[in-house]
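Below is one structure, written out as structure tokens; the observations come after it.
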Amino acid sequence: MTDFDLYERELWDGRAPAYERGFARMTRYMVGPLLDAAGVAAGTRVLEVGTGPGFVAAEAVRRGAEVSALDAEPGMAEAALRNVPGLDVRVAVLPEVPFPDGTFDAVVGNFVINHVGAPAAALTELRRVLRPEGRLALSCWVMPGVGALGVVREAMDAAGVPWPDGIPPSPFEEYGEAMAFQRLVTEAGFADVAVEEVTWEHVVDPEEWWETGALSRVGSTGVAIGRQDAAAVARIKAEYDRLVAGYAVPDGASDGRVALPAHALLASARH
Ligand SMILES: C[S@@+](CC[C@H](N)C(=O)[O-])C[C@H]1O[C@@H](n2cnc3c(N)ncnc32)[C@H](O)[C@@H]1O
């Protein structure tokens, strides 16, 4: 395991409930596009990696697929099992994929490859467990993160609060751009690699987004906020309030919610 993987294990430890309440509502938007890109339908044998609370797995089961899943965080695997009763879900840390060669028709991963310390090795393993002609679909964030993903960090910058030392950058950061992501997947041996950009609006109560995205220690931004004293957090929150006001939903029936833009990449490929 790389140092980044060790950091990630600590990052996700015990975070499953907060993740499910917050970020997972935003990543859900990609469930349909991801499964469509991998051609998941009734009878498809599919592996979902980094399943988190299991929302991709749930939709694959609803489509009639035969689903296996894995996640590095035991709390996430438990959440997935709660949300998808009877799911074959394993605890495993990519690049480890505990299945024999050629087991699956499709492998999918929603916002997990950007959390892996050795993304190229992980891709090689994902290809290994696909049958010939099997399909891969992976999503990641466009980097650097903006809108829903970046607003708390922007608020830190605006408040003049420096990013703390000792938070390792993701080795995937350089691949959060379409050409680089396409090259990475191609170099792992996949064919017909395509990467498209997908954008949507995450409509959310800004107080809820602050609570789940900044105060709940989910993701590196949450870790960075957790290292600040109360006065700095108050300054960041004031800047956050100012920034999110710019995303107010225009119609009067929005209950104060904001529409934060989200930008992702969706890679699809063939074994
Ligand atoms: C951003 S969450 C995505 C969860 C879910 N796929 C979704 O769409 O909401 C990343 C997930 O990947 C898991 N994860 C991170 N690194 C991993 C690794 N090396 N191997 C397996 N799972 C990993 C985390 O525990 C977490 O559940």
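Summary of computed values
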item	result
Kirkwood hydrodynamic radius of the chain, from inverse mean 1/r over distinct Cα pairs, in Å	19.0
Surface per residue (accessible, 1.4 Å probe) for the stretch 129-228, Å²	45
Rounded, prolate or oblate (a/c below 1.5 giving rounded, otherwise prolate when a/b exceeds b/c) for the stretch 15-70 by Cα gyration tensor	prolate
Taking only Cα atoms of the stretch 48-148, radius of gyration then Dmax in Å	13.2, 40
Protein accessible area in the stretch 3-270, 1.4 Å probe - carbon and sulfur %	52
Distance between modelled label sites at residue 28 and residue 198, nm, 7 Å Cα→Cβ extension	1.5
Cβ-based charge dipole, the chain, positive-most Cα from 230, 120, 137	137
The chain: angle of helix 119-128 to the longest principal axis, Cα-based, in degrees nearest 10	30
Degrees, to the nearest 10: 74-83 long Cα axis against longest axis of the chain	80
Nitroxide proxy distance, nm - points 7 Å out along Cα→Cβ at residue 36 and residue 208	2.5
Lys, Arg +1 and Asp, Glu -1 on Cβ, resulting dipole of the stretch 1-76 about Cα centre, debye, nearest 20	440
Where labels lie 7 Å past Cα in the beta-carbon direction, separation of residue 234 and residue 2 in nm	4.0
Accessible solvent surface per residue of the stretch 75-116, calculated while the other protein chains remain in place, 1.4 angstrom probe, Å²	39
Candidates 232, 79, 58, ranked by Gaussian network fluctuation over the chain, Cα under 10 Å, top entry	232
Charge dipole magnitude, Cβ of K and R +1, D and E -1 - the chain, Cα centre, debye nearest 20	380
DSSP bridge orientation in the chain - percent antiparallel, rounded to nearest 5	50
The stretch 159-271: projected area of the alpha-carbon convex hull, averaged over directions, in nm²	9.4
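The values are calculated or read from the model by the stated rules, or taken from the named source; none is laboratory data. Model, not experiment: these values are computed from the prediction. Note that each Cβ is placed from the backbone with ideal geometry, even for glycine, and that neighbours are counted across all protein chains shown. Note: areas computed on protein heavy atoms with side chains; ligands, DNA, RNA excluded. Shrake-Rupley method; radii C 1.70, N 1.55, O 1.52, S 1.80 Å.
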